[in-house]
Structures are given as structure tokens and as C-alpha cells.
Ligand code: ADP
Ligand code: ZN
């Protein structure tokens, strides 16, 4: 059985076809332009693929409330042309199949829970630290929604005593995204993260902020696995630094062996490489079959 999966991003739309075992058979990518022309390319791609369902992991904010008149919409985005866009409706009508829908990061955590590093667990979080910070939350065997959906990439953080950078988030300045995402590294140090690989002070601050957020997520959600990825986490030395710093910040308060003894298995990169988002989208499609 073939299922479609879309990772809908602000710069590109990754469209794939896979099966119920999470094996990707084919994929393409289209640049994100205005909705009409972008959707036309994506629909043409799926038209002859005989998919039984489609899943979409999408950039937000989104309306995920099934009782709402605007369920399945991208809601209030500053991205020109995309404000109030009925993405689920477009694909339902064009392809005539059930459509599953969630945030891109909820898609990614679902991919890892289904086929990756958190397989078999009933709670996990997926944190991507790239151009922005996004957090997908899976708890009690399901994806977390709520009033809207979690926006845990914007939690407010305590500033590192040595950090004088004002913070880059246009809404909060010194939230997680404003202090730790790729563009804030570049603004603080005047160079891109990849060019700062040998500057210890850069990664000391970075590990401090990421660990602070992870500590808060551990305290708030009690996840059984924490998966970290995104461009910034390609500095893989950060994993060890973050694990140590999480232990220091928790200070023995959550005395579970996963934190005290097995933190190397607790805070990990994805097991699905670069594919948790697209595989999660396929799982969203499978789940839409009911
Ligand atoms: P996006 O978040 O747009 O999907 P990425 O996850 O690739 O894309 O994140 C891009 C950000 O990550 C940029 O700000 C970039 O500077 C930063 N980045 C990419 N690679 C590295 C690296 N090896 N080390 C540090 N930062 C990186
Ligand atoms: Zn913010």
C-alpha cells in the first residue's frame, strides 16, 4: 500500500511516497512559491501515484482543531500569500484520499516514535535547532496539541552570565529561538555557526541554552527520549556538552537512571538520519486511514 507524505516548509516542499513499513519509494522537492503554483506541482506529482492516504507535516502556525471551521489551515503567518491557507482542503479535494495533518516537528517526533530512536516508547520530544527552534511533543501515546499547539521553541530562558547579546526573536528577544537558533549564533559572533567550529566559547553558550530548554522539557513533559537535530546540532560535540549540562542543571532532582547513568541513550540524534520529518508525514497519512 502506498501512502504520500509531505514535509511542507517555508523554503521547500518535500513530497514522498512510502509504504506502511516506513520505506520511502520515491521523493521530490519543489521550491515553496505562492500556494497556487506550489500546490499545482505537488498535486501533479501525486496524481498518478495511487496513494491511499496523504500526511502533511507543515510549518505553522496551524489550526489542528477538528471542530474548527478552519481545521487544516495554515493560520496567521507573515509568509506572503500563505496567511489563512487551507492546505488540507486543497489536497483532499484534488486527490480524494484521507489527509493527516500536524506540525512539521510533531511529524518528526512521530517518525522517530514509529520507526526510529523512540520506537515503542509512549513519550518523546524532538527538538530541531536550525533557522528557528521547533519542538514536537509526543506524550501518553499521542501527539500533543492543546489550545493551538505547543510552541516550545519560544520558551523564555535565563541569560548566560557571560552573554551580552540582546537576542534575535522579534517577539521575545531572549527566548530559546532568540538565543540559540542558527541566526542568533551568527548575529552574536558575526559569523555562521559552521565557521565557528573551533571557538569553545560559542558552544559553551549554545550548550548552556539548549540544556536549559531540555531541562525545562524534562521537568514539564517527562519524556522517555529526547531527540535533538537541525543544522546547529551538526556540531556533534554539542551532544556530550548538553548531556553534562542537563545533569548539572537538574542537579539530581530527577533521579532516574536514564538521566543519572544512561544519559548517552537518553539525549540522542535521530535514528532516521535526515528523514524523521518525511517518514512522520507518511505515518500521519497512515493514521488518517483510520
Ligand atoms: P532549517 O531550519 O531552515 O530547516 P537547518 O536545520 O539546516 O535548516 O538550519 C539552518 C541553520 O543551521 C543556519 O542558521 C545555519 O547557519 C546553521 N547550521 C547549519 N549547519 C551548521 C553547522 N555544521 N554548524 C553550525 N551551524 C550550522
Ligand atoms: Zn520567541
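Based on the Cβ-Cβ distance from residue 289 to residue 265, what FRET efficiency comes out when R0 is 35 Å, to the nearest 0.05? Result of the calculation: an efficiency of 0.60. Springs join every pair of Cα atoms under 10 Å in this Gaussian network model of the chain, and among 80, 98, 270 the largest mean-square fluctuation is at 80. Against the chain, whose longest principal axis comes from its Cα atoms, helix 237-250 is set at around 70 degrees.
With contributions of -39500 (n - 2.57) from each DSSP H run of at least four residues, the per-residue ellipticity at 222 nm computed over the chain stands at -10500 deg cm²/dmol. When the chain is treated as a Gaussian network with alpha carbon springs shorter than 10 Å, the biggest mean-square fluctuation among 222, 68, 123 belongs to 68. Model label points for residue 162 and residue 216, set 7 angstrom from Cα along the Cα-to-Cβ axis, are 2.2 nm apart.
What whole number of Å gives the distance from the Cα centroid of region 145-179 to the Cα centroid of region 253-282? Here the answer is 22 Å between Cα centres.
Distance between the modelled labels on residue 41 and residue 198, one decimal in nanometres: 4.0 nm (7 Å Cα→Cβ projection). Treating each Cα of region 98-245 as an identical point scatterer and summing with the Debye formula, the log10 of I(q)/I(0) at q = 0.10, 0.17, 0.21 Å⁻¹ comes to -0.33, -0.93, -1.33. Under 15 Å from a point placed 7 Å out from the Cα of residue 66 along the Cα-to-Cβ direction: which residues of region 96-128 have their backbone N that close? Output list for this probe position: 98-102.
How big is the gap, in Å, between the Cα center of region 217-249 and the Cα center of region 1-69? Measuring centre to centre over Cα atoms gives 29 Å. The Stokes-Einstein estimate for the chain, based on a Kirkwood radius over Cα pairs and taken at 20 °C with 1.002 mPa s viscosity, is a diffusion coefficient of 110 µm²/s.
FYI, it's all coordinate maths here, none of it is from the lab. Note that the structure is predicted; figures quoted are calculated from it, not measured. Backbone-built Cβ (ideal geometry, glycine too); neighbour counts: all protein chains shown.
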